Amino acid sequence: MTFGEQPAYLRVASDLREKIANGSLPPHTRLPSQARIREEYGVSDTVALEARKVLMAEGLVEGRSGSGTYVRERPVPRRIARSGYRPGSGASPFRQEQAAEEARGTWESGSEQERASAEIAARLGIEPGERVMRTRYVFRDAGEPMMLSTSWEPLAVTGRTPVMLPEEGPLGGCGVVERMAAIEVVVDNVVEEVTARPGLAEELLTLGGVPGHVVMVIERTYYASGRAVETADVVVPADRYKLAYHLPVR
C-alpha cells in the first residue's frame, strides 16, 4: 500500500476514515483490531494504537468495554436557524425560529446574580466585579437536548426593572430585543462569533456526547447605541447540528 509523506499513524487513520465514509466499515461494525491493523498496514503496535486514537477523537468510533472499538452511527446534522429577524408577536426568537423549522422547541432556565468575571466584563464593557444577571438555558428539540446557553446582562441596565429576570415577569421569554425595548433601550446591533472546541465534560453530559466530541460555540452580544446590553455563549453539538444564518439584504 502506497501512502504520501504523512506520519504513519495519520496515513492509517486516513485510510480507515475513508472506509468508514464509503461504507466499507458501516456503523456498528467492529474496527479491525490493533494486531490486524499492524499486519494489514505493516506498522508497529504504537502506530496502530495512535491511528485508533485519532478516529476516536474525531468521534468516528467508540470503545465498548470488554468488546472492542466500533464504528459509530453518524447522525445527519439538523439545521438550527440563526436570524437577525426578531418577531413582534411576543414569542422568543428561539421559539419563532424553531416553529419555522417545524420543530418542537422547549427550554428550561435558571437565573442568579453574580459579579462579572474579567472576561464577561470585557465583553459587556463594564468593570470586573460589577453585578450581572446570569441565566443558564437548556434548549430541547422534541425532548432531546440540542443546545446550551449562558447569558449575562448588566444589572446597571436591567436592575430594578420589570425585565431584570429574563424568563420571568410580563415579558419573560420574549427575547433580548423586546425586553430591552420595554425599558426604552433600543437594540440596534448583534454580533455573533462562531468557534469550535472539544466539549467540556459537563456540557457533553447534558447534551449526550462522549469525551472528545466537538461543539460549536456562538459568542453573541447585543448592543444598544454601542453599549453591550447582553452577552451569551451558545453551545451546540457539532456532529448533530449545523447553523443556518438568514441575513437580511439592506
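The values are calculated or read from the model by the stated rules, or taken from the named source; none is laboratory data. Remember, it's a predicted structure, so these values are computed and weren't measured experimentally. Don't worry about glycine lacking a Cβ; one is built from the backbone with ideal geometry, like all the others, and counts go over all protein chains shown. Surface accessibility is based on the protein's heavy atoms, side chains included, excluding ligands, DNA and RNA. Shrake-Rupley method; radii C 1.70, N 1.55, O 1.52, S 1.80 Å.
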Inset, instruction - Considering only residues that are open to solvent by less than 60 Å² (accessible area, probe 1.4 Å) and part of a helix (DSSP H, G or I), look in the range 194-250 and name the one that is farthest from residue 164 (Cα to Cα). - result: 204
Inset, instruction - Just name the residue that is modelled with the lowest pLDDT out of those in the range 59-94 that are within 30 Å of residue 37 (Cβ to Cβ) and among the charged types (D, E, K, R). - result: 74
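Residue by residue, here is whether (1) in contact with an Asp or Glu (Cβ under 8 Å, 6 or more places away or on another chain); (2) at pLDDT 95 or above holds:
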| position | (1), (2) |
| --- | --- |
| 181 | no, yes |
| 213 | yes, no |
| 244 | no, no |
| 248 | no, no |
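Across the range 35-61, what is the number of residues that are crowded, with 17+ Cβ neighbours inside 10 Å and either part of a helix (DSSP H, G or I) or touching a helix residue (DSSP H, G or I) at 6+ places or on another chain (Cβ under 9 Å) (or both)? Walk me through how you get there before you give the answer.
Step one: list which residues in the range 35-61 are crowded, with 17+ Cβ neighbours inside 10 Å, which gives 37-38, 41, 43, 47-48, 50-52, 54-56, 59-61.
Adding the requirement that they be either part of a helix (DSSP H, G or I) or touching a helix residue (DSSP H, G or I) at 6+ places or on another chain (Cβ under 9 Å) (or both) leaves 37-38, 41, 43, 47-48, 50-52, 54-56, 60-61.
Residues that pass the stated criteria total 14.
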Legend entry - the range 20-34, residues that are under 24 Å from residue 66 (Cα atoms), part of a helix (DSSP H, G or I) and under 32 Å from the mean Cα position of the chain (by Cα): 20
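Specify the residue that is nearest to residue 121 (Cα to Cα); the eligible residues are those in the range 168-193 that are buried (at least 17 other Cβ atoms within 10 Å of the Cβ) and of a type in the set (D, E, K, R). Steps first, please.
First pass over the range 168-193, keeping only residues buried (at least 17 other Cβ atoms within 10 Å of the Cβ): 171, 173-181, 185, 187.
With of a type in the set (D, E, K, R) added as a condition, the list becomes 178-179.
Details: 178: 23, 179: 21 Å.
The residue in question is 179.
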Inset, instruction - State whether one or more residues within the range 143-151 are outside any strand (DSSP E or B), open to solvent by 30 Å² or more (accessible area, probe 1.4 Å) and either at pLDDT 95 or above or polar (S, T, N, Q) (or both). - result: no
Inset, instruction - Only residues in the range 154-178 that are closer than 20 Å to residue 220 by Cα count as the first member; pair them with residues that are acidic (Asp, Glu) and surrounded by 15 or more Cβ atoms within 10 Å (Cβ to Cβ), Cβ under 6 angstrom, at least 6 apart or cross-chain, and list the lot. - result: 173/167; 176/230
Inset, instruction - Filter the range 127-142 for residues that are of a type in the set (A, V, I, L, M, F, W, C) and open to solvent by 30 Å² or more (accessible area, probe 1.4 Å) and give the result. - result: 142
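Go through 119, 97, 108 for me and flag whichever is in a helix (DSSP H, G or I) and modelled with pLDDT under 95.
Details: 119 fails: modelled with pLDDT under 95; 108 fails: in a helix (DSSP H, G or I).
Unique residue meeting the criteria: 97.
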